[in-house]
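Read-outs throughout are calculated quantities, based only on the coordinates presented, and are distinct from any laboratory measurement. Worth saying up front: this structure is predicted, and the values here are computed from it rather than measured. Cβ coordinates were reconstructed from backbone atoms using ideal geometry, including for glycine residues, and neighbour counts include every protein chain displayed.
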Amino acid sequence: MIVQNRMAICSTRQIADNIIEMVLTGNLVNEIASPGQFVHIRVTDTFEPLLRRPISIASFDKVKEQMTLIFRAEGRGTQLLAAKQIDAEVDVLGPLGNGFSADNSVKGETALLIGGGIGVPPLYQLSKELTAKGVKCVHILGFQSAAAVFYEEEFAALGETRIVTADGSAGEQGFVTDSLARNPVDFTTYYTCGPTPMLHAVQQAFHDKQGFLSFEQRMGCGIGACFACVCETQTGQDMPYVKVCSDGPVFPAGVVAI
Amino acid sequence: MNRLAVELPGLSLKNPIMPASGCFGFGKEFGNLYDLSQLGAIMIKATTLETRFGNPTPRVAETAAGMLNAIGLQNPGLERVMTEELTRLAQHDVPIIANVAGSETEDYVQVAEAISKAPNVNALELNISCPNVKCGGIAFGTDPNLAAELTSAVKEVSTVPVYVKLSPNVSDITLIAKAVEAAGADGITMINTLVGMRLDRKTGKPVIANGTGGLSGPAVKPVAIRMVYEVSKAVNIPIIGMGGVTDEGDVIDFLSAGASAVAVGTANFVNPFVCPEIIHALPALLDELGLETITELIGRSHAV
């Protein structure tokens with residue numbers, strides 16, 4: 001169920017260039033159903049900036065009623081959020097959208113998790129859930145440069161983890177698909193989140209595999225009412241469009257036209 | 001006695017608060033968050049004869065205390081709105097105002113005739129002011145003659161009262177208001193969004209794929225108040241005011257300017273519970289102002 005919750009900030013720290021990890025506590029956490037869901041945060045009580053910010057959930061712990069968010073403090077809204085102090089409260093709406101289902105992989109299989117930049121965080125909880133049920137996870141994480149890399153150790157603790165940077169300043173040079181072309185991974189299902197060109201490249205490269213893609217789109221309401229975040233579908237007439245916020249953000253490969 | 005009750009053509013409102021068309025979908029999503037029967041009414045998303053996909057993305061951009069949008073009247077089309085959306089909404093005890101849009105007069109007429117017969121549609125809102133579609137929309141809303149002709153054509157076929165939604169993107173909004181009143185409009189809803197633009201500072205290009213978008217949110221409220229004030233002095237039909245309503249104080253402002261009820265738009269995106277919160281806050285505000293009923297507020301600014 002979607003709830004509006006004032007959540008307290010338990011911790012906040014910068015983990016890479018402009019990348020903030022923030023842990024929030026509140027009973028909204030009990031409503032989270034799957035990795036890859038997101039929350040919509042109002043960063044101020046005034047009307048400047050006006051709209052909420054959609055931020056993905058990197059991990060959650062229902063026992064502690066805590067969730068970890070990782071976001072890029074790039075625009076004014078996310079910078080205001082990043083500047084908040086421990087114990088401050090923020091207005092959070094969520095959990096929103098439909099995330100990844102760990103049920104798409106079974107014990108003994110290998111899952112390929114491909115993340116790009118700020119698309120990496122939602123894969124962390126997914127990897128935790130997959131590995132917990134005995135699925136072997138291989139992580140290919142793409143960033144712009146070494147300064148942008150985060151959560152390498154956290155992912156490495158769960159399975160093989162490759163870092164790929166566009167400028168080669170950390171890990172392998174190139175894009176995530178270059179790394180996979182050089183050193184293929186034998187897997188059953190892929191899960192990916194990141195910039196649309198990366199999603200497109202991944203879907204093209206693994207067109208014969210079962211895959212799940214998490215999309216980003218500029219949003220208004222975050223709950224499916226405003227129709228700002230629609231994407232055209234490949235299936236056409238029967239379902240001409242989907243809404244990223246409420247139908248997604250995660251879709252099976254082949255649904256969204258990219 | 002219900003201190004918040006307001007009577008309008010076709011609408012016995014338990015309170016004067018309703019979500020504005022385009023900012024509430026067809027109520028499904030908000031219906032998962034709270035009981036829709038708390039609302040005075042619901043103005044559902046624009047309905048066109050055929051399914052409409054709308055404009056390319058990005059469709060929204062934030063501005064200072066406001067938002068630009070160019071959704072482009074995306075909706076599943078008349079048939080599905082009738083069979084799916086209105087049927088689902090029938091489970092809620094709330095009057096529906098159906099927003100009717102089209103590309104040409106015949107489209108509007110066909111949609112209006114059919115949708116006005118839906119058992120839970122209490123009034124129509126004629127959308128002659130959407131700034132984000134090439135055909136129809138604002139073309140009708142900026143020419144008094146066209147606006148009047150369309151209003152008459154729709155009035156002939158509609159079985160429920162017809163409200164006309166006015167555009168602020170004109171030099172004299174009272175001319176359009178008087179024209180639609182003369183053509184038989186039962187009421188006016190105003191204002192639709194103001195045409196605006198935001199450029200990307202890196203590329204210099206518009207942020208919204210459509211180029212321009214409709215500006216809404218708190219930034220437009222002074223314009224809306226001024227226009228409601230002017231139109232309420234110029235016509236004798238009631239006005240449902242909107243444009244930047246975010247709290248109960250804004251409701252007081254719109255009613256004082258001459259509106260009889262108020263629609264809440266963009267604020268639903270900022271706080272999805274804003275409509276019930278405003279409704280619950282109104283009685284205390286009336287006490288504070290020393291008023292018995294909310295209708296005492298209507299048009300206070302015109303008193304001499």
Point to revise | Nearest 10 degrees, 0 to 90: helix A:196-205 Cα axis against chain A principal axis | key: 30 degrees
Check your understanding: Against the longest principal axis of chain A, how steep is helix A:121-132, in degrees 0 to 90 to the nearest 10, with axes from Cα atoms?
Key -> 60 degrees
Exercise for review: Answer rounded, prolate or oblate for segment A:167-215, using the Cα gyration tensor with square roots of eigenvalues a ≥ b ≥ c: rounded when a/c is under 1.5, else prolate when a/b is larger than b/c, else oblate.
Suggested key: oblate
Review point. What FRET efficiency do you get for A:N27 and B:F53 if R0 is 35 Å and r is their Cβ-Cβ distance, rounded to the nearest 0.05?
Key: 0.35
Study note, to complete from the structure: Expressed in angstrom and rounded, the centroid-to-centroid distance over alpha carbons for segment B:139-159 and segment A:43-105 is 46 Å
**Study point:** Cα-based Kirkwood hydrodynamic radius, chain B, one decimal, Å
**Key:** 18.9 Å
Point to revise | Computed [θ] at 222 nm, helices only, for chain B once each DSSP H run of length n ≥ 4 contributes -39500 (n - 2.57) | key: -8500 deg cm²/dmol
Check your understanding: If the label point is 7 Å along Cα→Cβ of B:E7, which residues in segment B:263-304 have backbone nitrogen under 19 Å from it?
Key -> B:292-299
**Study point:** Sites A:D45 and A:H200, calculated FRET efficiency, Cβ-Cβ separation with R0 30 Å, nearest 0.05
**Key:** 0.15
**Study point:** Fewest-first sequence of A:D247, A:D87 by Cβ atoms within 10 Å of each Cβ
**Key:** A:D87, A:D247
Point to revise | Spread of Cα-to-Cα distances over 5 Å intervals beginning at zero, given as percent, for segment A:44-144 | key: 2, 10, 18, 21, 18, 13, 9, 6, 2, 1, 0
Review point. In nm, to one decimal, how far is the B:A90 label point from the A:E153 one, both placed 7 Å along Cα→Cβ?
Key: 6.2 nm
Exercise for review: In a Gaussian network model over chain B where Cα atoms closer than 10 Å are linked, find which of B:L73, B:L291, B:L13 has the largest mean-square fluctuation.
Suggested key: B:L291
**Study point:** FRET efficiency, A:D17 to B:H280 (Cβ-Cβ, R0 35 Å, nearest 0.05)
**Key:** 0.20
**Study point:** log₁₀ of I(q)/I(0) at q = 0.07, 0.09, 0.11 Å⁻¹ - the protein assembly as shown, Debye sum with one point per alpha carbon
**Key:** -0.44, -0.70, -0.98
Practice item. Kindly put A:D17, A:D238, B:D35, B:D253 in sequence by how many other C-beta atoms sit within 10 Å of each C-beta, fewest to most. Key: A:D238, B:D35, A:D17, B:D253
Study note, to complete from the structure: The set of cysteines in chain A having no other cysteine's C-beta under 4.7 Å reads A:C10, A:C137, A:C193, A:C229, A:C231, A:C245
Practice item. Using only the alpha carbons, work out the radius of gyration and Dmax of segment A:102-216 in angstrom. Key: 12.7, 36
Point to revise | Sorted by Cβ neighbour density within 10 Å, fewest at the top, the residues A:F143, A:F60, A:F47 | key: A:F47, A:F60, A:F143
Check your understanding: Given B:K45/B:K221; A:K243/B:K205; B:K14/B:K221; B:K165/B:K202; A:K107/A:K243; A:K243/B:K221, which pairs have Cα atoms separated by over 27 Å?
Key -> B:K165/B:K202; A:K107/A:K243; A:K243/B:K221
Check your understanding: For chain B, modelled as a GNM with alpha-carbon contacts under 10 angstrom, which of B:A267, B:A101, B:A234 fluctuates the most?
Key -> B:A234
Practice item. Take every DSSP beta bridge with both residues inside the protein assembly as shown and express the antiparallel ones as a percent of the total, to the nearest 5. Key: 50 percent
Check your understanding: Among B:A284, B:A224, B:A185, whose mean-square fluctuation peaks in a Gaussian network model of chain B (Cα, cutoff 10 Å)?
Key -> B:A284
